[in-house]
Each structure stands twice: as structure tokens, then as C-alpha cells.
1. Could you compute the net charge surrounding Lys171? Neighbours are other residues with a C-beta less than 14 Å from the C-beta of Lys171; K and R count +1, D and E count -1.
2. Which of the peptides 115-124, 74-83 is most tightly packed, and how do the rest follow, going by the mean number of other Cβ atoms within 10 Å of each residue?
3. For the ranges 177-189, 253-265, 91-103, 234-246, what's the packing order if you count other beta-carbon atoms within 10 Å of each residue, average per peptide, and put the highest first?
4. Going through the cross-link list Lys239/Lys331; Lys171/Lys239; Lys65/Lys219; Lys275/Lys395; Lys97/Lys331, which pairs have a Cα-Cα distance over 22 Å in this structure?
5. From the phi angles alone, apply the Karplus equation (6.51, -1.76, 1.60; θ = phi - 60°) to the range 115-124 and give each ³J(HN,Hα) in whole Hz, x where the residue is Gly or Pro.
6. Per-residue counts of other Cβ atoms within 10 Å, averaged by peptide: what ranking do you get for 329-338, 136-145, highest first?
Amino acid sequence: MRIIRMLMKKYHYMYLNLIGVRVIQVFVVIQVQMAVNNADDDFCSEPPQTHPQSLTPNNHMTPEKAWAHWTSLGSPKLIVAPMVDNSELPFRLLCRKYGATAAYTPMLHSRIFTENEKYRSQEFTTCQEDRPLFVQFCANDPDTLLEAARRVEDYCDYVDINLGCPQRIAKRGNYGAFLMDKLPLVKSLVEKLAQNLNVPVSCKIRLFPDLEDTLKYAKMLQDAGCALLAVHGRTRDEKDGKKIRANWKAIRAVKNALQIPVLANGNIRHMDDVKQCLEETGADGVLSAETLLENPALFAGFRTVEWVSDSEDGNQDGKLDQAELALEYLKLCEKYPVPWRMIRAHLHKMLGEWFRIHPHVRDDFNSQHILSFEFLYDMVNRLRDLGVSRPLYVKNTCLDDMSPNRV
Ligand SMILES: Cc1cc2nc3c(=O)[nH]c(=O)nc-3n(C[C@H](O)[C@H](O)[C@H](O)COP(=O)(O)O)c2cc1C
């Protein structure tokens with residue numbers, strides 16, 4: 001800590017003469033992180049938590065150990081899905097405040113992560129409150145994946161392998177869902193981590209068009225040492241999550257076929273979906289992505305007006321709106337700096353409906369090539385002053401019997 005304080009002083013004064021205050025803040029954080037990384041390979045200014053259930057390398061993963069680990073984390077059921085450029089630290093913390101009981105980082109590229117210190121310090125930040133945490137990598141080389149994973153294993157509860165990305169970039173890069181055509185390679189990735197890491201390995205997959213293929217795939221992952229499987233209930237070709245419903249029946253079949261914890265992903269838009277999904281799939285938890293971007297308070301029972309039906313009793317004005325959430329998010333970004341592109345993307349998602357009512361405010365936002373917190377706070381307050389009122393609603397959906405650690 002003394003080294004950090006000295007560095008902060010030194011760099012603070014040096015940069016003060018050169019650049020503006022915001023730039024200083026970002027550089028100081030990066031420099032401090034680099035200093036800490038060099039000193040003890042750390043990613044946050046707090047000492048890492050050592051997990052009581054951490055494994056000894058070369059221990060074979062068994063379903064019993066997989067469950068012991070999951071239970072030691074409080075069996076989290078309400079989980080922020082991995083999202084490139086979107087499930088970064090401030091957003092995870094916001095979702096945790098509003099009910100999420102675990103979260104994934106965005107997918108990190110294992111090769112770049114091992115090679116590039118700037119990439120590491122910008123794309124992976126965490127802090128003590130950011131647990132339980134899954135750190136997700138894409139990879140196609142077991143040794144590189146292990147090298148990347150070793151750098152984060154002290155700061156997370158699972159190292160996750162992305163086996164579900166269906167985008168063109170994943171096809172070109174030979175990772176994500178395109179590894180479904182190379183199952184021996186997938187097996188070697190999982191085995192490498194399972195046999196050498198101190199934390200358990202998890203995987204996130206998509207479905208094969210044929211259920212039997214999916215079940216064989218899931219069992220192969222479990223046998224290779226995967227300790228938790230998240231199943232996105234769509235195939236590699238079913239890219240449009242808004243149009244194509246996730247196949248919860250297939251997730252149920254995977255859950256029934258495996259002995260390790262299984263998480264369900266797809267079509268979680270409000271807490272009634274959570275309840276129904278847990279019942280229909282038998283899964284041990286759910287992941288939500290798209291809807292959380294619009295409504296980070298989903299897991300605390302809040303829903304946008306889109307999911308409020310007049311014929312249904314029990315929906316009330318939750319005395320919270322997306323502008324309030326956006327302001328909370330901005331405060332977290334001031335505390336835990338992230339690239340502006342992430343902040344921009346989140347504000348577009350959270351305030352999308354507000355911008356539709358006042359497009360000139362969005363045009364103004366889009367025309368700002370250089371952002372500042374002052375501008376962003378003003379923008380949110382301006383939307384409020386324009387009299388937009390889009391409350392989030394609450395409905396008391398009882399998950400008592402299935403969610404012991406719900407906040
Ligand atoms: C902006 C965005 C980025 C995403 N990035 C990742 C990623 O990094 N890794 C991953 O496994 N899935 C990623 N996904 C997929 C989601 O994790 C999730 O599987 C998918 O959106 C389905 O969940 P949903 O129906 O709740 O949106 C991303 C999705 C979105 C919307």
C-alpha cells in the first residue's frame with residue numbers, strides 16, 4: 001500500500017501539469033494497477049479474498065466438490081450474464097445493489113490478456129464487493145488459456161470458458177460457438193484448467209440443433225472437469241434473442257443429464273420469468289443479459305412498463321426510474337473508471353425510452369465526441385426537467401422456496 005500511495009503522489013503531480021483532471025484520474029488508476037500488477041499480480045487495490053473452498057491443483061473435479069463450491073458461494077440464483085463491453089465492474093456493482101447475487105465479466109480474449117498489460121488493466125477490474133465473480137475467457141489454445149486464467153484466479157470464483165459466442169468475429173478468431181465443431185479441442189481447454197487452477201472451471205454453451213448432441217456435449221464437459229455449466233437455450237444460428245425464444249425444455253434435459261450445477265440463460269425479462277424458468281428447467285440459477293441492460297434493477301423485482309399488464313394485479317409504481325439508475329451508474333464509473341465507450345453504451349440502453357420521447361437530447365449526446373461526467377449528469381437531469389416520467393414497476397413475485405439468498 002505504501003508503494004501505491006507514493007506512486008499516486010508522484011504520478012498525480014507529473015500528470016497534473018500535462019493534461020486535464022479526468023485524464024489524470026484514469027492514468028493514475030492504470031499506473032496504480034500496473035504497479036500493483038508488477039508487485040503481486042493483483043487487479044484491485046484491496047487484498048484478494050481467499051476462498052475457503054479453493055481447490056488444490058491436480059485435484060479431480062467431482063460433482064460433490066462442484067456442489068460444495070457452489071453452496072459455499074451461497075448458491076447464487078440471480079446472475080448478470082457475460083456481456084462484452086457491458087458487464088464491466090460499475091455495471092456489475094449496480095446490478096448487485098439491485099438483487100443480482102453473482103456476475104460474469106465481459107468475455108476477455110485469453111491471448112491478448114496474456115500479452116498486453118494495457119488490455120488487462122482496462123478490461124478487467126474488480127473490487128472486494130464484486131463477488132461471487134465468474135471471469136470469462138475465449139480461447140483456442142489450452143496453454144494460453146491457462147496462462148490468462150492464472151492471472152485472475154485469485155480474484156474470482158470461477159474461470160469461465162466462452163463456448164457460445166456466435167458472432168462472425170468468433171468464427172474468424174476460432175473461438176466461442178465455433179468450437180462446437182472441434183470438441184477434442186474444447187475438452188483439452190477444460191481439462192487444462194481443471195487440472196491446473198485453484199478455482200473451478202465453468203463453461204457457457206449454446207445448444208446443438210439435435211438434443212442428443214447437446215447432452216453428449218454437456219456430459220463431455222462435466223467429465224473433463226467443468227464444475228458448472230451455463231446453457232443459453234438457443235443454437236449457434238439462432239442469433240436474434242428478441243425474436244427467437246430460448247428453449248427451456250432443452251435446458252431441463254441438460255440439467256437432468258448432469259450432476260453439476262446448471263444455469264439457464266435466455267428470455268429472462270422480469271422476476272415472473274425467473275420463477276417460471278427455474279420451475280420449468282429445474283436449473284440452479286438464471287442468467288440475464290439484454291433486459292438487465294435496460295433495467296439493471298430487474299433482480300430486485302422492478303420491471304419496465306412493457307412487462308406490466310393492465311389485467312394483472314399487484315404491479316405498483318416502484319418509485320425508481322432508469323434516470324435514477326443511470327445516475328447511480330455514473331457515480332460508480334467515477335469511482336471505478338472504465339472506457340467511455342462502455343458508459344456511452346449503457347446510457348443509450350438505460351435511457352433509450354427517454355431518448356425516444358426527446359430525440360434532440362439523444363442527438364446532442366451523440367454529437368459529443370468527448371464526454372465528461374459533468375455533461376452526462378446534466379443530460380440526465382435535463383431529461384428529468386423535460387418532465388419525462390417512466391417509472392419502473394414492482395410486482396411481488398415470490399421466489400422464497402427456490403432462492404435462499406435473494407436480497
Ligand atoms: C451486449 C451483449 C454482449 C454479450 N457478450 C457476451 C460475452 O462476452 N460472452 C458470452 O458468453 N455471451 C455474451 N452475450 C450473450 C449473453 O450473455 C446471453 O447469452 C444472451 O444475450 C442471451 O441472454 P438474454 O436473453 O438474457 O439476452 C452478450 C449479449 C449481449 C446483449
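Values in this text are rule-based calculations from the coordinates and carry no lab data. Source: prediction; values computed, not measured. Note: ideal-geometry Cβ built from the backbone for every residue, glycine included; neighbour counts use all protein chains shown.
1. So the environment of Lys171 carries a net charge of +4.
2. The densest-packed peptide leads the list: 74-83, 115-124.
3. So the peptides 177-189, 253-265, 91-103, 234-246, ranked by packing, come out 91-103, 253-265, 177-189, 234-246.
4. Distance filter (> 22 Å) returns Lys239/Lys331.
5. These are the phi-based 3J(HN,Hα) values: 9, 10, 5, 5, 4, 4, 6, 8, 8, 10 Hz.
6. 136-145, 329-338
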